[in-house]
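A short worksheet on the structure shown next.
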Amino acid sequence: MSAIAPGKVSLVIGNTLAEMEKVVDLVDHFGAAHGIDRPIVNDLNLCLDELLNNTISYGYDDEARHEIGVELSVDGAEWVVEIRDDGRPFDPRRLDMPAPGGPIKDRKIGGLGIRFVKTLMDDVDYVRSGRYNVLTLRKKLPGEASGGNR
Amino acid sequence: MEIAEQRAGHLTIIEVKGRIDSNTAKVFGERLTTLIAAGGQRLVVDLKNIIYISSAGFRVLLVAGRHAEETNGTLALCGLSTEIQRLFDLGAFTDLFEIHPSREEILAKPA
């Protein structure tokens, strides 16, 4: 078994839910190419689904086409994902994350997506850079590639 | 995502394969709504072949669970892998649904 080889890929998608499929494919291929465990790949795809859906559905003041950049990189010890969009300034870390509870008839789903992101990722960082939101997710990787597609 | 349906006596089992995410949750929800709308339905959603379920998918389950209650039906779940169970736990969803280990265990029980 060898350590996970470093690498970087990036992709730009439009601000439609349908284009999020391209990100799923990229993450799947990147994860497989680097021998990253399937559950980690799935966690990352889940978090990207939550964050991109949020940006695409609520992040823009107009109906114009916008571009969202997604960059994946791995340095052996961790997987880093950067998401860059030109939506309204929005730091998802500051989103309310009410403790879920109560019976089914009263239950709200708000905050669940960001709860997944904060829990499943090891670190979530945000900066506003010019007219861009730049969100960086970090997920620690096991020391050695297990090479398995579980 | 693919959805398959199996009738077993008074039960309807809906098996979902793949990802329940922002793109696929809508189709999943429409399928459940159509089934539940008949009234008095006993549905089981088998999640053993899903890769993950995002908050959009949990929203669908929540709406379907309420809808089933309102129409004198039931909505149960089965086949949660360790990874999927962890997502249910994070959202405190485990107590909201009747959850069975597997479809086989449900079918083995007397009606």
Of the residues in the range B:37-56, those that are open to solvent by less than 10 Å² (accessible area, probe 1.4 Å) and more than 10 Å from every other protein chain (Cβ to nearest Cβ) come to B:Leu43, B:Val44, B:Val45, B:Asp46, B:Leu47
Could you please tell me which pairs satisfy a Cβ distance under 7 Å, a separation of 6+ or placement on different chains, a first residue in the range A:4-30 that is over 15 Å from A:Thr55 (Cβ atoms), and a second residue that is in a helix (DSSP H, G or I)?
A:Val9/A:Leu26; A:Val9/A:Phe30; A:Val24/A:Asn45; A:Val27/A:Val41; A:Val27/A:Leu44; A:Val27/A:Asn45; A:Val27/A:Leu48; A:Asp28/A:Val41
Going through the range B:73-92 one residue at a time, which ones are more than 14 Å from chain A (Cβ to nearest Cβ) and modelled with pLDDT under 95?
none
Just for the range A:17-28: of the residues that are open to solvent by less than 60 Å² (accessible area, probe 1.4 Å) and facing chain B (nearest Cβ under 10 Å), which one is farthest from A:Ala64 (Cα to Cα)?
A:Asp28
Could you please let me know if A:Asp75 is more than 10 Å from chain B (Cβ to nearest Cβ), in contact with a Pro (Cβ under 6 Å, 6 or more places away or on another chain), surrounded by 13 or more Cβ atoms within 10 Å (Cβ to Cβ) and within 26 Å of A:Pro142 (Cα to Cα)?
yes
Please determine whether any residue of the range A:91-104 is under 18 Å from A:Val134 (Cβ atoms), away from every other protein chain (no Cβ under 14 Å) and open to solvent by less than 30 Å² (accessible area, probe 1.4 Å).
yes
Of the residues A:Arg107, A:Arg84, A:Arg115, A:Arg131, which single one is more than 14 Å from every other protein chain (Cβ to nearest Cβ) and more than 30 Å from A:Ala3 (Cβ to Cβ)?
A:Arg131
In the set A:Gly31, A:Gly7, the lone residue that is farther than 14 Å from A:Leu120 by Cβ and surrounded by fewer than 16 Cβ atoms within 10 Å (Cβ to Cβ) is A:Gly7
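The values are calculated or read from the model by the stated rules, or taken from the named source; none is laboratory data. All values derive from a computational prediction rather than experimental measurement. Don't worry about glycine lacking a Cβ; one is built from the backbone with ideal geometry, like all the others, and counts go over all protein chains shown. Accessible surface is based on the protein model in full, side chains and every heavy atom, while ligands, DNA and RNA are left aside. Shrake-Rupley method; radii C 1.70, N 1.55, O 1.52, S 1.80 Å.
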